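Structure, as structure tokens:
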Amino acid sequence: MTNRPRQLRFPYKPAADESLCGALAAACHDSRVRSIKQVLSNGGVRVFDPGQVQVARPQVLDAVATIMKVNAAQLSSHGYTPMTRNMLALADVVVPRKVIELRRRRVGPLSLMKQPHHRAAWLNRLLPYCPESLELLVDACPSCGPLQWRYARGIGNCDHCGALIAPSGSASLAAALADDYRQAANLMSHQEDVGAEAIKALPSCIQRFSRTTLLATLLRAGIVFSSQRSWFAIHKLIEQPPTVVAQVICAGARMLRGWPHSIRTEVSALTDAMADDLVAYDALRNDLRWLTGRTSEGAELFSIALSTLDGRTADVFATGEAPYYTTTQVSRLLNISSRELKHLRDAGVVRYDKLPSEQRTRARYHSKDIDELVNLLRDCMTAGAAGAALDVPVYAVDQIAKAGYIEAVDDPRVHALRGHQVVKQSVEALVDRLRKGALQASPPSTADRLEKVLAAFPGEKPWGAAIGALLRYGARYYLPQGDLAVRRIMVDPAVVSTFQRGRAWYSGSGVGVTHIALRDAAEVLGSSFPEAVAAVNSAGLAIVRYGPGKGVCRDGLRRLAGEMAFVREVAAYTGSHHRAVYSELTRHGVPRVHGGWCRRMLVQLGLVSGSSPPPSPMADAMTTGR
């Protein structure tokens with residue numbers, strides 16, 4: 001009759017290198033309990049296979065510790081921690097879950113004769129040979145088939161018939177491979193002290209890297225540079241014959257122990273042998289990229305070895321200290337697409353060298369040029385962003401830059417990649433100047449917003465000249481509450497009259513604004529948004545894609561504004577209500593033009609500003625921006 005206690009009869013103390021599932025099986029055997037699964041079930045642990053306790057969650061691990069009458073903290077160091085669905089943590093090293101065998105029990109009969117406990121290394125499918133005895137691990141009984149974890153008849157016995165498992169008849173691992181094989185096994189150990197000693201045995205230049213990165217490099221380098229070199233992923237490596245797996249593991253360990261000279265020698269030999277074979281070179285380049293594991297730490301590890309090789313391979317792992325960047329690195333640093341990078345090359349504004357390739361264009365880029373461009377892009381902003389910071393139309397940014405109050409970026413690399421840009425610091429400086437120059441008192445009741453004052457000017461409003469008047473001629477102005485918004489600056493009444501006597505201000509291009517957004521076209525025409533769209537369509541101006549929305553040609557809009565005016569401009573110029581203005585225009589029979597009113601007739605009637613020079617010094621400052 002099978003004994004089924006909730007706790008085992010005797011406590012069990014696992015060995016340092018023992019697996020958790022092996023310790024549970026040994027504890028059940030010592031307490032004369034046959035069914036491991038039944039013991040777990042009686043203790044409140046429900047698992048499909050007893051081997052799954054090796055990756056048990058903390059709650060399950062506490063229940064297993066209670067069953068075995070041991071301390072849970074002591075037992076936790078023998079288990080593996082699930083990180084994700086596909087990854088496990090063995091102390092401070094992360095491995096793919098598939099490399100850990102939990103259903104079939106693998107044993108080393110020769111090692112069991114010395115210490116009768118199940119080694120954790122035997123769970124690792126990347127280690128087909130026992131690291132101690134170098135014998136091929138056995139996972140099946142000649143009579144009953146695969147060894148499992150269901151019954152506790154002894155670690156070295158078949159769990160069905162109870163027969164003692166004999167050592168494998170296959171040859172052991174060659175003695176010449178023993179050191180490399182044990183180095184790899186120690187690097188994958190679940191014991192942190194063993195893993196730390198394995199890292200200390202490696203060259204000092206790579207001891208600072210994590211065990212996970214070193215192990216991944218070992219496995220990938222072993223796959224690429226072993227004599228059994230072929231392109232298969234790590235999860236497929238465990239399906240290969242034991243001799244192939246051991247050969248790959250030892251080749252990777254040998255490569256890691258000789259870092260960086262070992263990989264330099266291998267890559268140099270391959271590049272010398274392939275001569276100008278582009279297909280072979282592209283294959284090697286893909287192998288080298290795969291070796292990094294697509295991680296920054298992996299790339300840094302390889303840059304130690306490959307930064308001084310010939311031009312075809314040096315660029316693959318170039319860093320900020322190296323003379324070159326790869327195409328991928330440039331795209332990431334500048335946050336651009338391959339099409340934008342091609343445009344940068346075609347513009348001839350960055351230095352680059354073409355690399356041999358049979359298919360797509362490959363190149364390496366001089367790091368100095370790219371680093372300078374990264375810094376330039378970090379310190380600049382678009383005209384739209386500058387307009388949003390100041391709360392002015394985008395074309396106003398063009399005027400302000402032309403007047404010299406903000407600085408336009410004058411660099412062909414920036415122009416080729418991002419178009420015209422504005423120096424971010426100059427915008428911040430202008431904001432600071434406007435804040436410091438504002439009066440701290442409350443504005444008088446007669447003060448008005450700057451955007452309303454500028455509405456009296458025909459066409460594009462003279463934002464650049466207005467800011468010049470505020471900053472350089474002591475014009476009295478007040479800031480609204482909250483963040484700075486140039487539109488809402490309150491202007492002293494004495495300045496309003498000088499503004500209204502000014503004329504339209506436009507003086508070339510400061511940041512290359514060739515189109516005006518439709519939302520700003522309404523301000524230029526002095527109309528509502530629907531009226532502006534109707535007028536643009538009536539005049540036959542093309543509406544095109546512009547920034548995040550749509551826009552219209554700047555020169556065409558200026559010509560349209562010279563032919564017509566809307567009620568809003570007349571009302572602002574005369575100081576009348578828009579309803580009274582409409583009645584007055586109708587009474588005088590002013591002709592309609594593209595939904596608005598004929599500007600030439602309005603000028604004759606004195607209802608809008610004419611083209612004569614402004615009479616006062618302040619208005620002159622508004623016109624010239626000086």
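At-a-glance table
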read-out	value
Residue check, Asp371 assigned to a helix (DSSP H, G or I) and among the acidic types (Asp, Glu)	yes
Search result, residues across segment 559-573 that are surrounded by fewer than 17 Cβ atoms within 10 Å (Cβ to Cβ) and in contact with a helix residue (DSSP H, G or I) (Cβ under 8 Å, 6 or more places away or on another chain)	Gly562, Glu563
Criterion: open to solvent by less than 30 Å² (accessible area, probe 1.4 Å) and either over 27 Å from Gly162 (Cβ atoms) or among the aromatic types (Phe, Trp, Tyr) (or both) - qualifying residue of Val99, Val138, Val45, Val94	Val99
Per-region count, segment 155-180, residues part of a loop (DSSP other than H, G, I, E, B), closer than 20 Å to His118 by Cβ, in contact with a strand residue (DSSP E or B) (Cβ under 8 Å, 6 or more places away or on another chain) and of a type outside the set (A, V, I, L, M)	8
Which listed residue is of a type in the set (Gly, Ala, Ser) and crowded, with 20+ Cβ neighbours inside 10 Å, from Gly145, Gly162, Gly195	Gly195
Filter result (assigned to a helix (DSSP H, G or I), open to solvent by 20 Å² or more (accessible area, probe 1.4 Å) and modelled with pLDDT of 85 or more) within segment 74-89	Ser76
Which listed residue, of Asn186, Asn157, is free of Cβ contacts under 8 Å to residues at least 60 places away in the same chain, within 26 Å of Leu288 (Cα to Cα), among the polar types (S, T, N, Q) and open to solvent by 20 Å² or more (accessible area, probe 1.4 Å)	Asn186
Residues of segment 118-132 classified as surrounded by 18 or more Cβ atoms within 10 Å (Cβ to Cβ) and closer than 18 Å to Ala15 by Cα, total	9
Restricting segment 256-277 to residues that are open to solvent by less than 60 Å² (accessible area, probe 1.4 Å) and under 31 Å from the mean Cα position of the chain (by Cα), the residue that is modelled with the highest pLDDT	Leu256
Residues of segment 351-377 that turn out to be open to solvent by less than 50 Å² (accessible area, probe 1.4 Å), touching a helix residue (DSSP H, G or I) at 6+ places or on another chain (Cβ under 6 Å) and at pLDDT 85 or above, as a count	3
Which numbered condition Met601 misses (of (1) over 24 Å from Ile516 (Cβ atoms); (2) in a strand (DSSP E or B))	(2)
Yes/no for Ser307 being at pLDDT 70 or above and of a type in the set (Ser, Thr, Tyr)	no
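The values are calculated or read from the model by the stated rules, or taken from the named source; none is laboratory data. Keep in mind that this is a model prediction, so the values were computed, not measured. Cβ atoms come from the backbone with ideal geometry, glycine included; neighbour counts cover every protein chain shown. Just so you know, the surface numbers come from the protein's heavy atoms only, side chains and all, with ligands and any DNA or RNA stripped out. Shrake-Rupley method; radii C 1.70, N 1.55, O 1.52, S 1.80 Å.
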